[in-house]
Amino acid sequence: MDTKTIFMAFFIITTLVSSAYPFLGQEDVDDKPLVNPAEFDTLDALSPASQEYNIYMLENLPPKYKTYLGTCADKMGLSGISECNEDVLSEILINKPVSRECCLMVVRAGKECYMEIRKFMFRLYQLKRFSSQVSFKTNEVWNRCSAEVESLSSSQDHTI
């Protein structure tokens, strides 16, 4: 056997193994928080320039989109938006699980509203640097919350 044949065999085997077990070649980044938990509370610190950016962005949102976001916020309820927003951001950015109550509010709003609110939040100046990294975690939070609410409601159905 020559070196070229050995190299080709090695290349084919490596390709087959990596396609059959893609996680072998990947670092497990899902468990790493995007933000150091000690720094999470500083994310909402705004400079005058970042405030201007957020105001400009808000002013230039289409009116229908603003109305839609408002409707979504209403579905979550006032406490849902104010309390849950930070909880959801904590799970997405530092892997701190959302409370059951927050999950109920998230699911009440519906997946489309939940996803749109998250997309909007990660357009804000202080969070936009994470926008390309949060799609998977955003879906993961939705899936976990909807599964938790579903199991909660089905266990309540069985007790009635």
* Would you please list the contacts, defined by Cβ atoms under 9 Å and residues six or more apart or on different chains, that run from a residue in region 45-74 that is among the aliphatic types (A, V, I, L, M) to a residue that is in a helix (DSSP H, G or I) and open to solvent by 70 Å² or more (accessible area, probe 1.4 Å)? => LEU58/LYS66
* Pairs where the first residue, in region 91-110, is closer than 12 Å to GLY77 by Cα and the second is β-branched (Val, Ile, Thr) and open to solvent by less than 10 Å² (accessible area, probe 1.4 Å), C-beta under 7 Å, 6+ apart -> CYS102/VAL88; VAL106/VAL88
* **Only one of TYR56, TYR65 that is among the hydroxyl-bearing types (Ser, Thr, Tyr) and open to solvent by less than 50 Å² (accessible area, probe 1.4 Å)** => TYR65
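Results for (1) farther than 28 Å from LYS32 by Cβ; (2) part of a helix (DSSP H, G or I); (3) of a type in the set (Asp, Glu), shown as yes or no for each residue.
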{"position": "LEU61", "(1), (2), (3)": "yes, no, no"}
{"position": "CYS72", "(1), (2), (3)": "yes, yes, no"}
{"position": "ALA147", "(1), (2), (3)": "no, yes, no"}
{"position": "LEU152", "(1), (2), (3)": "yes, yes, no"}
* Residue selected from region 118-138 under the condition among the small types (Gly, Ala, Ser) and open to solvent by less than 100 Å² (accessible area, probe 1.4 Å), by the criterion farthest from GLU91 (Cα to Cα) -> SER131
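Just wondering, is there one or more residues in region 149-160 that are surrounded by fewer than 17 Cβ atoms within 10 Å (Cβ to Cβ), out of contact with any Ser or Thr (no Cβ under 7 Å at 6 or more places or on another chain) and at pLDDT 90 or above?
Of all residues in region 149-160, those surrounded by fewer than 17 Cβ atoms within 10 Å (Cβ to Cβ) come to 150-160.
From what's left, out of contact with any Ser or Thr (no Cβ under 7 Å at 6 or more places or on another chain): 150-160.
Now restrict to residues that are at pLDDT 90 or above: none.
No, region 149-160 contains no residue that is surrounded by fewer than 17 Cβ atoms within 10 Å (Cβ to Cβ), out of contact with any Ser or Thr (no Cβ under 7 Å at 6 or more places or on another chain) and at pLDDT 90 or above.
The values are calculated or read from the model by the stated rules, or taken from the named source; none is laboratory data. Only a predicted model underlies this, so the values are computations on that prediction, with no experimental measurement involved. Virtual Cβ from ideal backbone geometry, glycine too; neighbours counted across all protein chains shown. Each accessible area value is taken on the protein alone, full model and side chains, heavy atoms only, with ligands, DNA and RNA left out. Shrake-Rupley method; radii C 1.70, N 1.55, O 1.52, S 1.80 Å.
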